[in-house]
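Before any comments, here is the structure.
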Amino acid sequence: MARVHTASAAYLGYTSVDACWDPQQTEKELVPKALSLPTKTMAAAMAVAAPAPAVPAANAPAALHAAEAEAGRTAVLSSSAPRWRLYDGDCPDGQRNCTGSDANPLQAVANSGVAVVVPTILHIPKTGVDSLCEELKAQGTWANPGQVHCKGGTGDEAGLVRESCLGAMLAGEFRLTYVRSPREHVISQYSQCRFGDINWHSEVPGYDGSDGDAFSEAYFRKWLEHTAEHTDDYGCYHPANMQGRYLTCSRPKNEAHHLHSEAEREPDLSAALGALARLDFVGVVDLYDESWCALQHALRGKLPADCTCDKMGVPARTTRTHVMLWHSHEVHETHSVKPHPSSDELSDATRRLIDSATAIDRQVYTNATARFVGELCALQRASGTQLLCDGQMEKLRNATRYITSFWPAVKRAAQSCKLPP
């Protein structure tokens with residue numbers, strides 16, 4: 001396990017690694033508890049098998065500043081366990097490489113003299129991890145990039161990227177995953193099954209070309225109706241709470257794509273949120289650029305120069321000869337999937353079908369995004385760099401209005417930073 005640094009803190013103030021939200025709350029009531037400063041018992045709480053209930057308070061912002069002053073460094077916060085390390089040019093406690101594990105056989109590469117933490121990635125399908133992984137490989141994040149297979153295949157000898165259940169992953173010093181707005185996630189799943197570069201999904205509605213070789217809402221709805229009544233998924237993805245399933249199951253690679261029994265249709269919410277809390281970093285596809293910036297700080301100890309509001313969230317510009325990338329090594333892996341509509345462009349009936357399949361995922365996504373925005377708020381305050389950009393936050397708020405608890409949760413987590421009302 002990575003070293004616990006004295007200035008590490010939980011952004012929501014939970015001393016338990018398994019309790020971030022009250023699982024008995026309904027979706028409408030699902031908002032973060034009050035903020036608090038974590039106690040010195042955090043490390044001990046991480047080590048026990050049955051952690052104590054969360055102990056919230058309401059004084060995190062002021063207490064956070066006190067902790068930062070006492071440490072004399074910049075503290076970057078996360079939930080439930082120490083996550084993002086503290087750097088001011090030197091490694092803490094005299095460590096040589098700032099990785100928290102001198103025995104790691106895959107020693108991270110140091111780019112331009114900056115130490116790199118070695119990440120292990122839980123690849124939930126259709127959450128942008130292929131693109132992220134290729135970017136990290138191009139950066140030299142792993143010492144042996146040839147061992148890292150971004151699709152999480154069995155050829156990944158080091159087990160650093162796994163498209164498998166979290167419970168089947170190898171332990172790592174810095175484990176991360178990404179989440180995605182459930183409506184867009186389900187649309188992307190179907191689009192991959194229908195149009196993706198892997199050709200074994202011949203039973204997926206529309207595969208015979210009767211959809212005109214373009215996204216068809218009628219065929220998408222047929223897929224949703226079928227999977228709502230059956231565990232069968234035409235040999236591709238089953239959309240029922242996929243994100244929650246990946247966080248709570250223990251099946252090997254690709255097995256989490258499928259629903260093996262009706263009991264798996266709604267994974268245990270408490271277990272899913274506990275799994276989120278144990279991850280060192282959770283990025284958000286819908287804030288991909290912001291997640292990239294925060295992850296770079298977590299892995300390398302500094303923010304890239306491109307992490308500014310005039311660049312984050314701006315689509316890549318294409319000229320006659322090349323694409324103007326937002327940052328170096330930027331990758332957008334499409335898997336040859338054809339353009340598809342956003343959920344806002346679909347009928348109410350189709351959106352209801354998606355929502356009925358993703359009740360747990362909506363709460364997982366709310367929890368994860370609130371956590372991330374809270375961390376980003378802390379990083380913004382600590383670094384003096386604007387990271388919660390008005391345009392991006394308004395876009396996120398508008399895109400998630402279908403989740404009634406979402407924006408109140410996000411605002412509560414980042415209450416010390418200004419967000420749209």
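Would you tally the residues in region 390-409 being surrounded by 19 or more Cβ atoms within 10 Å (Cβ to Cβ) and farther than 14 Å from THR369 by Cα?
Qualifying residue count for the region: 0.
Counting only residues that are part of a helix (DSSP H, G or I) and in contact (Cβ under 8 Å) with a residue 60 or more places away in the chain, which one in region 137-150 is nearest to VAL116 (Cα to Cα)? If you could, list the steps in order and put the result at the bottom.
Filtering region 137-150 for residues part of a helix (DSSP H, G or I) gives 137-139, 145-147.
Checking which are in contact (Cβ under 8 Å) with a residue 60 or more places away in the chain leaves us with 138-139.
Details: ALA138: 14, GLN139: 10 Å.
By that ranking, first place goes to GLN139.
Being in a loop (DSSP other than H, G, I, E, B), modelled with pLDDT under 95, under 30 Å from VAL410 (Cβ atoms) and polar (S, T, N, Q) narrows it down to one residue among THR308, THR321; which is it? It would help to see each step written out before you state the result.
Working: THR321 fails: under 30 Å from VAL410 (Cβ atoms).
Answer to the check: THR308.
One line per residue, one yes/no per condition, for (1) more than 19 Å from HIS258 (Cα to Cα); (2) modelled with pLDDT under 85; (3) surrounded by 20 or more Cβ atoms within 10 Å (Cβ to Cβ):
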{"site": "LYS126", "(1), (2), (3)": "no, no, yes"}
{"site": "GLU134", "(1), (2), (3)": "yes, no, no"}
{"site": "GLY152", "(1), (2), (3)": "no, yes, yes"}
{"site": "ARG162", "(1), (2), (3)": "no, no, yes"}
{"site": "GLY167", "(1), (2), (3)": "no, no, no"}
{"site": "GLY172", "(1), (2), (3)": "yes, yes, yes"}
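Just checking, how many residues over region 177-219 are under 30 Å from VAL373 (Cβ atoms) and either out of contact with any Asp or Glu (no Cβ under 6 Å at 6 or more places or on another chain) or of a type in the set (Asp, Glu) (or both)? Break it down into steps so the answer makes sense when it comes.
Here is the first cut: in region 177-219, the residues under 30 Å from VAL373 (Cβ atoms) are 177-192.
Now drop any that are not either out of contact with any Asp or Glu (no Cβ under 6 Å at 6 or more places or on another chain) or of a type in the set (Asp, Glu) (or both), which leaves 177-180, 183-192.
So the count comes out to 14.
Any idea which of (1) outside any loop (DSSP other than H, G, I, E, B); (2) crowded, with 22+ Cβ neighbours inside 10 Å is the one TYR219 doesn't satisfy?
(2)
Quick one: which helices (runs of 4 or more DSSP H) lie wholly within region 240-304 and hold at least 1 residues that are more than 18 Å from VAL364 (Cβ to Cβ) and touching a Lys or Arg at 6+ places or on another chain (Cβ under 8 Å)? Don't jump to the end; show me each part of the working.
Details: elements: 242-248, 269-278, 288-300.
Counting at least 1 such residues, we get 288-300.
Tell me yes or no: at least one residue of region 223-233 is under 19 Å from LEU346 (Cα atoms), touching a residue at least 60 places away in the same chain (Cβ under 8 Å) and crowded, with 18+ Cβ neighbours inside 10 Å. Give the steps one after another, and end with the answer.
Step one: of region 223-233, the residues under 19 Å from LEU346 (Cα atoms) are 223-228.
With touching a residue at least 60 places away in the same chain (Cβ under 8 Å) added as a condition, the list becomes 224-225, 227-228.
Then drop every residue that is not crowded, with 18+ Cβ neighbours inside 10 Å, which leaves 224, 227.
Yes: region 223-233 contains one or more residues that are under 19 Å from LEU346 (Cα atoms), touching a residue at least 60 places away in the same chain (Cβ under 8 Å) and crowded, with 18+ Cβ neighbours inside 10 Å.
Given the criterion under 28 Å from ASN398 (Cα atoms), in contact with a Phe, Trp or Tyr (Cβ under 8 Å, 6 or more places away or on another chain), at pLDDT 90 or above and not aromatic (Phe, Trp, Tyr), identify the matching residue among ALA277, ALA240. Lay out the reasoning, then the answer.
Details: ALA240 fails: in contact with a Phe, Trp or Tyr (Cβ under 8 Å, 6 or more places away or on another chain).
The unique qualifying residue is ALA277.
Among the listed residues LEU396, LEU376, LEU388, identify the single one that is part of a loop (DSSP other than H, G, I, E, B), modelled with pLDDT of 90 or more and not acidic (Asp, Glu).
On the way: LEU396 fails: part of a loop (DSSP other than H, G, I, E, B); LEU376 fails: part of a loop (DSSP other than H, G, I, E, B).
None of the other options fit; the residue is LEU388.
Within region 358-389, which residues are of a type in the set (S, T, N, Q) and surrounded by fewer than 24 Cβ atoms within 10 Å (Cβ to Cβ)?
Once the filter is applied, which keeps residues that are of a type in the set (S, T, N, Q) and surrounded by fewer than 24 Cβ atoms within 10 Å (Cβ to Cβ), region 358-389 yields GLN380, SER383, THR385, GLN386.
Please work out if VAL284 is within 24 Å of GLY391 (Cβ to Cβ), at pLDDT below 95 and not basic (Lys, Arg). Outline the logic, then answer.
Numbers: within 24 Å of GLY391 (Cβ to Cβ): yes; at pLDDT below 95: no; not basic (Lys, Arg): yes.
Considered against the rule, which asks whether it is within 24 Å of GLY391 (Cβ to Cβ), at pLDDT below 95 and not basic (Lys, Arg), VAL284 comes out as no.
Just to check your reading of the model, which residue among SER191, SER202 is of a type outside the set (A, V, I, L, M), assigned to a loop (DSSP other than H, G, I, E, B) and under 27 Å from SER342 (Cα atoms)? Break it down stepwise before answering.
Working: SER191 fails: assigned to a loop (DSSP other than H, G, I, E, B).
Going through SER191, SER202 in turn, just one is of a type outside the set (A, V, I, L, M), assigned to a loop (DSSP other than H, G, I, E, B) and under 27 Å from SER342 (Cα atoms): SER202.
Kindly provide the set of residues from region 166-180 that are touching a Lys or Arg at 6+ places or on another chain (Cβ under 9 Å) and in a loop (DSSP other than H, G, I, E, B), ordered by number.
At the first step, the residues of region 166-180 found to be touching a Lys or Arg at 6+ places or on another chain (Cβ under 9 Å) are 166-170, 174-175, 180.
Matches in region 166-180: MET169, LEU170, PHE174, ARG180.
Can you spot a residue in region 257-265 that is in contact (Cβ under 8 Å) with a residue 60 or more places away in the chain and within 29 Å of LYS137 (Cα to Cα)?
yes
The values are calculated or read from the model by the stated rules, or taken from the named source; none is laboratory data. Just so you know, these numbers come straight off a predicted model, no measurement behind them. All Cβ positions, even for glycine, are placed from backbone atoms using ideal geometry, and neighbour counts span all protein chains on display.
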